[in-house]
There are 2 protein chains.
Amino acid sequence: MSIELNDKKRALIEKIGIAHEEKGFQPVAGRILGLLYVSPRPELTFDEIRETLNISKSATSTALNLLMHIGHIDYITFSGDRKRYFKLKMSNWRELIQNEIERVIKMSHVLHEVLEERTKDTPEFNCSIEEFASFMQFIHKEFPGLLQRWEQTREQK
Amino acid sequence: MSIELNDKKRALIEKIGIAHEEKGFQPVAGRILGLLYVSPRPELTFDEIRETLNISKSATSTALNLLMHIGHIDYITFSGDRKRYFKLKMSNWRELIQNEIERVIKMSHVLHEVLEERTKDTPEFNCSIEEFASFMQFIHKEFPGLLQRWEQTREQK
DNA sequence: AATTTGGTTCTTAAAATTAGGAACCAAAAG
DNA sequence: CTTTTGGTTCCTAATTTTAAGAACCAAATT
C-alpha cells in the first residue's frame, strides 16, 4: 500500500519539503507536497501518503486539510470507491503565483501607510521607501502582461 | 532614550513585524524592521531600539546581527561616538527583491530535477510542472528588463 | 446488526523557537 | 588602573509548534 520510491525521489521529497518549510508550511505538509510531485501516480490515497511518509493519521489528516484550504491540493474520487485520491492542483500554478503577487501588493500598501506617518524631514529615506512600494505595485500591474508574454514564447514552438 | 511613537506607528510596527514573521523572521527581528521603517530618525542606536521595543539586550543583539547578516540592515558610525546607528539598507531594495527571485529560480531547478525523475506516463501532469518551472525561469530572465521599464516610467515624470 | 473503512478530532508529549537574565568582554573615558 | 559604555555570549525558562495516540464517527460492507 506504501508507494515505492528510489533514493533520489526520497531526497527530492525532503528538498521540496524544506523549501516549503521556509515558506512557513509545517514539515509534514511540505513532505506531502514533495511526495505528490514525485509520485509515479499523481493521485494518492490518504493511506498511501500516510504509509509512504510514515506519519500518523492525525498528522496526515491535518496537513491534507491545510493544503486543501490554501488551494495547493485537491482530490478526485471514483464511483464505487470511498477513498479520496489527493493530487496537486498543478494546473493551478498561475493562481499560486498570483497569490504571491498579492502578498507583495499588501506590503506596498503597508509601506504607503508608513509614508503617510513618516516625518518629511528624511526625504532620501522616504524616497527609497516610496520607490520600493512603487516597484511592488509595478510588478503587480505588469504581472498579467508578463504571463501573456511567456505564453507567446511558448506558442512559437 | 526611548523613541516616542504614536499609536498608529506602534500599530504599523506590529503589522510589519507580522508580515516578516510570515516570511520566517523571528518576532523581535520583524519588529526591529518595523521600528526602523517608522522611526522619525532612520538611524537608531542599540539602546534606542531596545528601550523602544522593550526587549532584552540579548534579543536585540541577536536579532540585529541576524538582520545584518541577511543584508536587511546596516549601521553607520560617527567619530567620537562609540555607538552604532542601525538603519534599514533601504537603498538596497533591488537586491532584496533579487534575492526573492533567486529563490524562485531555485524552485524551478528542483522542479526540473523532479521532471527527470518522473515517469513519462503522466504527460499532462508533467507538462504542468514543466510550465510552472518554465514560467519561473522566465520571470528570472525578465526581471532586469522589468526593473528597467519601471525606471523608465519614473524618469518621464 | 456488527464490522470495516476512511477518515476527523481531542489530548498530550516531545521538540524547537524565542527571548530574558546574568556574566562577560574590549575599548574608551575618567 | 578603575569605571563606564556598548554590546556579545551562554544558559535557562517559557512559549509555540509539531505530530503522535487514542477515541471517535458516519457511511459502506458483511
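The values are calculated or read from the model by the stated rules, or taken from the named source; none is laboratory data. A quick note: this is a predicted structure, and the numbers were derived from the prediction, not measured. Glycine gets a Cβ as well: all are built from the backbone with ideal geometry, and neighbour counts include every protein chain shown. To get the accessible areas, we keep the full protein, side chains included, count just its heavy atoms, and leave off ligands, DNA and RNA. Shrake-Rupley method; radii C 1.70, N 1.55, O 1.52, S 1.80 Å.
With only Lys, Arg, Asp and Glu charged, each at its Cβ (+1 for the first two, -1 for the last two), find how big the charge dipole of the range A:1-49 is about the Cα centre; round to the nearest 20 debye. Don't skip to the end; give the middle numbers.
Details: 7 positive and 8 negative charges, 35 e Å.
Computed charge dipole of the range A:1-49: roughly 160 debye.
Name the nearest-to-axis residue of chain B, judged by Cβ distance to the rotation axis taking chain B onto chain A, and quote that distance in whole Å.
Here the nearest residue and distance are B:Gly24, 3.
Evaluate peptide B:33-42: per residue, the Cβ atoms of other protein chains within 10 Å of its Cβ; return the mean as an integer.
Values: counts 0, 2, 0, 1, 9, 6, 4, 5, 4, 9.
Mean shielding by partner chains, rounded to a whole number: 4.
Just to compare against my own numbers: the Cα pair-distance distribution for the range B:7-88, 5 Å bins, whole % per bin, please.
Pairs per bin, as whole percents: 3, 16, 28, 28, 17, 5, 2, 1.
Buried accessible area between B and A (1.4 Å probe, both chains summed, ligands and nucleic acids excluded), in Å² to the nearest 100? Before the final figure, lay out the partial values.
On the way: alone 10840 and 10860 Å², together 16990 Å².
Using a 1.4 Å probe, the pair buries roughly 4700 Å².
How would A:Glu116, B:Glu113 rank on accessible area, largest to smallest, probe 1.4 Å?
On the way: A:Glu116 150, B:Glu113 50 Å².
Greatest to least solvent exposure: A:Glu116, B:Glu113.
Regarding the protein assembly as shown, what whole-number volume in Å³ per residue does the convex hull of its Cα atoms give? Mind showing how you got there, number by number?
On the way: hull volume 55.6 nm³, N = 314.
In the protein assembly as shown, the Cα hull volume divided by residue count equals 177 Å³.
Quick one: putting +1 on the C-beta of Lys and Arg, -1 on the C-beta of Asp and Glu, what dipole do you get for the protein assembly as shown around its Cα centre, in Debye to the nearest 20?
Values: 46 positive and 48 negative charges, 53 e Å.
Using only the charged Cβ atoms, the result is roughly 260 debye.
Viscosity 0.890 mPa s, temperature 25 °C: what is the translational diffusion coefficient of the range B:92-155 from Stokes-Einstein with a Kirkwood Rh over Cα pairs, rounded to a whole number of µm²/s?
Rounded to a whole number, D works out at 185 µm²/s.
Using amide H atoms built 1.01 Å from N in the peptide plane, name the residues 5+ places from A:Asp74, or on other chains, whose amide H lies under 5 Å from its own.
Under 5 Å from the amide H of A:Asp74: A:Lys87, A:Lys89.
Taking a label point 7 Å from Cα toward Cβ, how far is A:Pro40 from its twins in the other copies, in nm, shortest first?
Result, one decimal in nm: 7.0.
Rounded to the nearest 20 debye, what is the charge dipole size of chain A about its Cα centre when +1 sits on each Lys and Arg Cβ and -1 on each Asp and Glu Cβ?
Numbers: 23 positive and 24 negative charges, 169 e Å.
It comes to approximately 820 debye.
On each of the three principal axes of the Cα atoms of chain B, give max minus min coordinate, whole Å, ordered largest first.
67, 42, 33
Using +1 at the C-beta of Lys and Arg and -1 at the C-beta of Asp and Glu, which of A:Ile49, A:Phe78, A:Pro144 has the Cα lying farthest in the positive direction of the dipole of chain A?
A:Phe78
Shortest first and in nm to one decimal, what separations exist between A:His140 and its copies in the other chains, measuring from label points 7 Å along the Cα-to-beta-carbon line?
Result, one decimal in nm: 2.7.
Of all the accessible heavy-atom surface of the protein assembly as shown, with the other protein chains kept in place and a 1.4 Å probe, what percent is carbon and sulfur?
Numbers: 8430 of 16990 Å².
The nonpolar share, carbon plus sulfur, comes to 50 percent.
What aspartates and glutamates could a cross-link reach from B:Lys83, if we take a straight Cα to Cα line under 14 Å and drop same-chain neighbours fewer than 8 places away?
List returned: B:Glu43, B:Asp47, B:Glu48, B:Asp74.
Under 24 Å from the Cα of A:Lys9, which lysines turn up, not counting those fewer than eight places away in the same chain?
Leaving aside lysines fewer than 8 places away in the same chain, those within reach of A:Lys9 are A:Lys23, A:Lys57, A:Lys87, A:Lys89, B:Lys106, B:Lys120.
Over the range B:32-114, average the accessible area per residue using a 1.4 Å probe and give it in Å², no decimals. Could the numbers behind the result be given before it?
Numbers: 4100 Å² over 83 residues.
Accessible surface, normalised per residue, equals 49 Å².
Given A:Gln98, B:Gln156, A:Tyr37, which one lies farthest toward the positive end of the charge dipole of the protein assembly as shown, if we put +1 on the Cβ of every Lys and Arg and -1 on the Cβ of every Asp and Glu?
Of the options given, the answer is A:Tyr37.
In whole Hz and in residue order, list the ³J(HN,Hα) couplings for the range A:34-49 that follow from phi through the Karplus curve 6.51 cos²θ - 1.76 cosθ + 1.60, θ = phi - 60°; x for Gly and Pro.
3J(HN,Hα) across the range A:34-49, in whole Hz: x, 4, 5, 6, 9, 4, x, 8, x, 10, 10, 7, 3, 6, 5, 4.
What is the Cα centroid distance between the range B:1-49 and the range A:1-51, reported in whole angstrom?
Going from one Cα centre to the other spans 38 Å.
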